[in-house]
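Novice: Next up is a structure, given as structure tokens.
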Amino acid sequence: MPPPNTPEDEIQTAAMSYHRNLNGRVGPQRRRNRWSTSTSASTSTLLSASASPSPFPPSPTRCSTLCGCIPSIDYQSLDYETPVDQALQCPICHTPFYMPLTTSTCGHTFCTECISRSLETQPVCPIDRQPVNTDRDLYRARVICDQLDRLKVKCPSKGCGLFCTRELLPAHYNVYCEYVLVHCPDPTCSRRVPRADAHPDNGCLHRNIVCTYCESEVMIAELEEHYDTSCYGHTAKCSHCNAVVVRHLMDKHLGRDCPGTKKYCRFRSHGCKMHDTRPAIEEHERLGCVYQAIGELKSLRLEDRARIEDLEHRLDGLDARMKRKTSPPTRPRVGSSSFMGGFVPIVQPESPRAAASAAANSASWGSTEDYMLVQFERLEAEIERAHTMILESDSQHTMRQINDLLRFNEQIYELTNRVGALSLQIRSLAVTTQQHNNVQGRAGAANGTPSSSGISSPGGGGAGTRGQSHEDGRRYHSNPPAMSRRSSDGRGQHPPRL
Amino acid sequence: MALPKRIIKETERLMNEPVPGISAIPHEENLRYFDVEIHGPSQSPYQDGIFKLELFLPDDYPMTPPKIRFLTKIFHPNVDKLGRICLDVLKNNWSPALQIRTILLSIQALLGAPNPDDPLAPDVAKTWKEDEQAAIATATEWTKKYATPTNQTD
């Protein structure tokens, strides 16, 4: 234990007074006194209180009784369960307030440490530069403290991971947390151990002992780690099969040998759904899993497919090479006008040079006979094509002829119709002329026979009527209505049909 | 020395919500040292210019102001030949409630509103007071010459 009235003691006193004030049992007058108690350098007291913060009084804990010291909580680096509202964060350190103080002049709030350090350089509010007196113008806003107390924080000791309200954190951390590193139970040892191990009965944990299992030298604090990683002597019981296994080989045992653990059939990838203990699976595999055959077939099929693909690939290559060899660079397209040109390449292989090159490529051709055979086949195909083309053009020609003929037929039919119409007109004209002639005849003979005036024989009408009509032009003019009516009648009866 | 939470938070915010026209990127090997680029404000002779600055956060930041210096040559009455800036908030008027982003915004504002009555470069301030048109022309020319991305020199 440090002697009384050490700087550390002073810090704790300051923090204690702050927390006593937090409880709200102190009036404003008392609050003011709080700062003035620490003589002239009140700011420096505040500062030192927060510079090496040990904000809570030493509790009668295992660690405190053992070694009188635990690492303090660094409130600025705490992790909060949920993001903290901006309004609860100090504008200077940008973390949730720790021991907040509010200015009575402008109402801005800061952590005690932050505002103290700021006021040290300039006695004004860091936000609006209003003058602030360290002794008079700072007070603790209860509502802010209450909100801060309710925030959920993570215990800062490594490995703990507990979330609790900020209010309860000091109690947990200072008294209960098993993971907090405290001084070694041996006062002469300067190292630290987790609180769970720091019992006076344990003595110093930082000395070497001989491992009872493997007889190697190990530090007591590292014994568990030694068992788990390197000790070949320390064994443990497997939870599945109750077998005794070296501790650090337990994983291997579970993965490879343990008869209690369940595993899948080897042919799971082929569809076997068997999932049982190791011996059962081994028996199942020994008897022959049905999916084994399927798997083999599958792999065979895959092999075959690969082979087929390979062969196809090679065949394509050969085809392409053959085409290159057979077709001359300026091979004429076999078309309607020049399909005869298709015969040209046949002659080429006959030439000694082509034959020689063909022989040189015996790997692809086998022999000249093969080559000729190929050529023959090609020729046959071309002849076939030419034949189809001839047939095609023949049929086209016929179609064209038929089309022409149809057109002529139509024209002839039309002309016939017109001739018929004309002849009918002529006939009607002839009838009219004859009637006129008859009327004239009756007028000429005083007592002529009127009965014969209506009808004349159509046969004799022809040339005679035309001459008479010219002679009687005046009469037509003298009697135009009768003429017009008749002619129109005649037209009405035989309209020209074109 | 571990980096204070405040600096980590400020850096994160500068990365995640950058201020328009301002970028500040910390050095990997020293997280207290920042490479800063400020775009010249529009309607000013520094328009279209990109000015490089260096920013360093001293050990007792935020109790002391960050140290900032122009790396790009600039014709401004409040910036001297070495790039040092005459700005009250960087000196006496610093407050720990100010941040990197607010300071950089103040510098950008200073570019938009030069103050020849409180000069750091007396010759520049003199030109600015006697013939403002000529001073603005020079500032524009320097911006074009030194702060244009294509041929920017330090």
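Novice: Report the Cα centroid-to-centroid distance between the range B:41-64 and the range A:164-198 in angstrom, as an integer.
Specialist: Cα centroid of the range B:41-64 versus Cα centroid of the range A:164-198: 46 Å apart.
Novice: Tell me the angle of helix B:100-112 to the major Cα principal axis of chain B, expressed in degrees between 0 and 90 and rounded to the nearest ten.
Specialist: Approximately 0 degrees, to the nearest 10.
Novice: To continue, here is another question. Let me know the shape class of the range B:72-154, please: from the alpha-carbon gyration tensor, a ≥ b ≥ c as square roots of the eigenvalues, rounded when a/c is under 1.5, otherwise prolate if a/b is greater than b/c, or oblate. Provide the component values of the computation, followed by the final result.
Specialist: Numbers: a/c = 2.27, a/b = 1.34, b/c = 1.69.
Oblate, because a/c is 1.5 or more while a/b does not exceed b/c.
Novice: Kindly put B:63, A:399, A:372, A:99 in sequence by how many other C-beta atoms sit within 10 Å of each C-beta, fewest to most.
Specialist: Working: B:63 18, A:399 10, A:372 15, A:99 25.
By the 10 Å Cβ count, ascending, the order reads A:399, A:372, B:63, A:99.
Novice: With contacts defined as alpha carbon pairs under 8 Å and 6 or more residues apart, what's the relative contact order of chain B in percent?
Specialist: Relative contact order here is 22 percent.
Novice: Now for a different question. Please identify every one of the chymotrypsin sites (Phe, Trp or Tyr not before Pro) in the range A:163-206 that sits in a loop by DSSP and has no more than 16 other beta carbons within 10 Å of its own beta carbon. Show your work: numbers first, answer last.
Specialist: Values: sites: A:163, A:173, A:176, A:179; in loops: A:179.
Hits after loop and neighbour filter: A:179.
Novice: Still on this structure: For the range A:136-152, just list the computed ³J(HN,Hα) in residue order, Karplus coefficients 6.51, -1.76 and 1.60, θ = phi - 60°, integers in Hz, with x standing in for Gly and Pro.
Specialist: 10, 9, 10, 9, 9, 8, 4, 4, 5, 4, 4, 5, 5, 4, 7, 5, 9
Novice: Taking the number of other C-beta atoms within 10 Å as the exposure measure, put A:391, A:254 in order starting with the fewest.
Specialist: Values: A:391 10, A:254 16.
The most exposed by this proxy come first: A:391, A:254.
Novice: If you take each beta carbon of peptide A:120-128 and count the beta carbons of other chains within 10 angstrom, what is the mean?
Specialist: Working: counts 1, 6, 6, 0, 2, 2, 7, 4, 2.
Mean number of neighbouring Cβ atoms from other chains: 3.
Novice: On to the next question. Regarding the range A:113-177, what is the average projected area of its C-alpha convex hull, in nm²?
Specialist: Numbers: hull surface 24.7 nm².
Its average projected convex-hull area is 6.2 nm².
Novice: Amide H to amide H under 5 Å from residue A:274: which residues, 5+ apart in sequence or cross-chain, H placed 1.01 Å off N in plane?
Specialist: When sequence neighbours closer than 5 places are left aside, the close amide H contacts are A:265.
Novice: A further question follows. How many angstrom lie between the C-alpha centres of the range A:100-114 and the range A:366-404?
Specialist: What the calculation gives is 105 Å, centre to centre.
Novice: To the nearest 10 degrees, how steeply does helix B:132-146 sit against the main Cα axis of chain B, on a 0 to 90 scale?
Specialist: Taking the Cα atoms of chain B, the angle to B:132-146 is about 50 degrees.
Novice: Counting other C-beta atoms within 10 Å, and keeping those with at most 14, which DSSP coil trypsin sites (Lys or Arg not before Pro) do you find in the range B:46-154? Walk me through the intermediate numbers first.
Specialist: Numbers: sites: B:52, B:67, B:69, B:73, B:81, B:84, B:91, B:101, B:126, B:129, B:144, B:145; in loops: B:73, B:81, B:91.
Hits after loop and neighbour filter: B:81, B:91.
Novice: Here's another thing I want to ask about it. Per residue of A:86-95, what is the mean number of Cβ atoms on other protein chains within 10 angstrom of that residue's Cβ? Display every interim value, and only then the final one.
Specialist: Numbers: counts 0, 0, 0, 1, 3, 7, 7, 6, 11, 4.
Taking all residues of A:86-95 together, the mean is 4.
Novice: Let me ask something additional. Obtain the radius of gyration and the Kirkwood radius of the range B:1-145 from its C-alpha atoms and give Rg over Rh. Present the calculation step by step, with values, prior to reporting the outcome.
Specialist: Values: Rg = 15.6 Å, Rh = 15.8 Å.
The Rg/Rh ratio comes out at 0.99.
Novice: Charges only on Cβ, +1 for Lys and Arg, -1 for Asp and Glu: so what's the dipole of the range B:80-154 about the Cα centre, in debye to the nearest 20?
Specialist: 300 debye
Novice: Here is a further query. Rounded if a/c is under 1.5, else prolate if a/b is larger than b/c, else oblate: which is the range A:170-248, with a ≥ b ≥ c the root eigenvalues of its Cα gyration tensor?
Specialist: On the way: a/c = 3.48, a/b = 1.61, b/c = 2.15.
Judged from the Cα gyration tensor, the range A:170-248 comes out oblate (a/c at least 1.5, b/c at or above a/b).
Novice: Additional query: For residue A:186, what residues show an amide H to amide H distance below 5 Å, using hydrogens built from the backbone and excluding near sequence neighbours?
Specialist: Long-range HN contacts for residue A:186: A:204, A:205.
Novice: Follow-up. What number, in percent, do you get for the relative contact order of the range A:61-157 if the mean sequence gap of Cα pairs under 8 Å and at least 6 apart is divided by its residue count? Each step should come with its number before you reach the end.
Specialist: Details: 110 pairs, mean separation 29.1, N = 97.
Over the range A:61-157, the number comes to 30 percent.
Novice: Given Cα pairs under 8 Å that are at least 6 residues apart, what percent is the relative contact order of the range A:99-211? Mind showing how you got there, number by number?
Specialist: On the way: 148 pairs, mean separation 17.1, N = 113.
Relative contact order here is 15 percent.
Novice: Based on other C-beta atoms within 10 Å, arrange B:142, B:128 from fewest to most.
Specialist: Numbers: B:142 18, B:128 24.
Fewest-to-most ranking of B:142, B:128: B:142, B:128.
Novice: Which of the GluC sites (Glu not before Pro) found in the range B:23-122 are loop residues per DSSP with 14 or fewer other Cβ atoms within 10 Å of their Cβ? If you can, show how the numbers build up before the last one.
Specialist: On the way: sites: B:28, B:29, B:37, B:54; in loops: B:28, B:29.
Here the GluC sites (Glu not before Pro) that fit, given the DSSP loop and packing criteria, are B:28, B:29.
Every number here is computed from the coordinates shown, using simple stated rules; none is lab data. Since the structure is predicted, the reported quantities are computational estimates derived from the model, not experimental observations. As a convention, Cβ positions derive from the backbone with ideal geometry for all residues, glycine included, and neighbour counts pool all protein chains shown.
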